[in-house]
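Every number in this text was worked out from the coordinates using simple rules, so none of it is lab data. Every value quoted in this text rests on a predicted model; they were computed, and no experiment measured them. Here the Cβ positions follow ideal geometry from the backbone for every residue, glycine too, while neighbour counts run over all protein chains shown.
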Ligand SMILES: Cc1ncc(COP(=O)(O)O)c(C=O)c1O
């Protein structure tokens, strides 16, 4: 711990420990718990920044689609962004006629295009060929955009990187530039553009660099468009740096190119609102290491397993006296969360709470080995915990 930010985070976490001691002992596990007040505060915070910049704020449903959470977010945003027919239906059902629905996907299914175009207001095609194939299947009044791949990478792990080599995501900016130079009519008929080229980035300088590249390479497409969607991939929280670059990026697009600007973050709304509460089922020893087996599994936190990150545990402390490998309870040998240390020894029945796991986990969780999906609880501002959903055997065994 060295910066003020680290100290503030440590302080916030230490405040959560007594709260979650109570919560964890009052509910069956495994359980996802979502902190209502956090989501509300975060919505207000992001909306304030979007308003100051003068851009429209959408929530990207893919991070978490819990209806209860969507109802919480809905009053703070101008719409939702979706990736599929089902997400567009959820978006429209939640918003009614009060907000806009944007959609982009590399996998438009021909038989769904018409229906999607009726639920959505904005459809950004992923490629020119996708657009050409489906341009006559669309409902009237749909705003038609193209996802551009800016071919500027900020991520070390190519699995997260929409601008990785040979990416399937978006029309490469170099091809668009070439089409413009050759006077091709291919880009005519678009009303807007979308790009999304980052993941969990706190640094808005990267967004500004991307916008500058768009201006340099395809400035005349910007000039001939009415709107642009800057995607998600940024964290609007205490980790954010260079927020001025965000304001500059939006200002440039609005004032120099006369564009309506949208942003569609997902994770930053809900990531730190989510906790996975579990119970130690067994303690075993192997090769001199203590192993604690939990009643959850990496299949309840697929993001940490897929991308190889170690989830944070509330009572984990640096140089704690009692160290454990924390493992899940499936037959998979690699069903392991990582090594942690604690001030007190773990026992069978001890609760272990992982935090910062609110985005992209519940939506991907599965029931390998027949383990129940975690139940879902809401933690309200007054400390009350209410059940949002638990899963029946029938729901769990449907696939
Ligand atoms: C097109 C698009 N927009 C928005 C998002 C949301 O990104 P994040 O949750 O990282 O903010 C994603 C995430 O993959 C995306 O692909």
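Neighbour counts of other C-beta atoms within 10 Å: give me 260, 178 arranged from fewest to most. Before the final figure, lay out each step's value.
Values: 260 17, 178 11.
Ordered by Cβ neighbours within 10 Å, fewest first: 178, 260.
Helix 36-53 versus the longest principal axis of the chain: what is the Cα-based angle in degrees, 0 to 90, to the nearest 10?
In the chain, helix 36-53 runs at an angle near 30 degrees to the longest axis.
Within a 10 angstrom radius of the beta carbon, how do 376, 291 rank from fewest other beta carbons to most?
Details: 376 19, 291 16.
So the ranking, lowest neighbour count to highest, is 291, 376.
Just report the Cα centroid separation between segment 197-233 and segment 14-57, whole Å.
29 Å
What order, most packed first, do the peptides 154-160, 297-303, 363-369 have when packing is the mean number of other Cβ atoms within 10 Å of each residue? Can you show the working numbers first?
Details: 154-160: 13.0, 297-303: 22.7, 363-369: 15.9.
Most protected by this proxy first, the peptides run 297-303, 363-369, 154-160.
Pull out a ≥ b ≥ c, the square roots of the eigenvalues of the alpha-carbon gyration tensor of segment 36-270, then state rounded if a/c is under 1.5, prolate if not and a/b is larger than b/c, and oblate in the remaining case. Could the numbers behind the result be given before it?
Details: a/c = 1.59, a/b = 1.14, b/c = 1.40.
It is oblate, given that a/c is not under 1.5 and a/b is not larger than b/c.
Tell me, Kirkwood radius of the chain from alpha-carbon pair distances, in Å?
On the way: mean 1/r = 0.0442 Å⁻¹.
Taking the inverse mean of 1/r over all distinct Cα pairs, the chain comes out at 22.6 Å.
So what is the 222 nm mean residue ellipticity for the chain from helices alone, if each DSSP H run of at least 4 adds -39500 (n - 2.57) and you divide by all residues, rounding to the nearest 500 deg cm²/dmol?
Details: 12 runs with 123 residues, N = 399.
It comes out at -9000 deg cm²/dmol, rounded to the nearest 500.
If you build the convex hull over the alpha carbons only and average its shadow over all orientations, what do you get for segment 247-383? Give it in nm² to one decimal.
Numbers: hull surface 48.3 nm².
Mean shadow area of the hull around the Cα atoms is 12.1 nm².
In terms of the ratio Rg/(2.2 N^0.38 Å) built on C-alpha atoms, what value belongs to segment 227-290? Don't jump to the answer; show the numbers that get you there.
Values: Rg = 21.2 Å, N = 64, 2.2 N^0.38 = 10.7 Å.
Rg over 2.2 N^0.38 Å, computed on Cα atoms: 1.99.
For 245, 323, what's the fewest-to-most ordering of other Cβ within 10 Å of each Cβ?
Ranked by crowding around the Cβ, least crowded first: 323, 245.
Mind ordering 335-345, 76-86 by average Cβ neighbours within 10 Å, highest first? Don't skip to the end; give the middle numbers.
Numbers: 335-345: 16.5, 76-86: 21.0.
Descending packing order for the listed peptides: 76-86, 335-345.
Give the peptides 198-206, 281-289 in descending order of average Cβ contacts within 10 Å, highest first.
Going by the mean number of other Cβ atoms within 10 Å, highest first, we get 198-206, 281-289.
Mind checking the angle between helix 85-95 and the chain's longest principal axis? C-alpha axes, 0 to 90 degrees, to the nearest 10.
Around 90 degrees separate the two axes.
With axes computed from alpha carbons, what is the tilt in degrees of helix 4-26 against the longest principal axis of the chain, rounded to the nearest 10 within 0 to 90?
That works out to roughly 60 degrees.
Relative contact order for the chain: what percent, with Cα pairs under 8 Å and sequence separation of 6 or more? Spell out each step's value before the answer.
Working: 796 pairs, mean separation 73.4, N = 399.
Here the relative contact order equals 18 percent.
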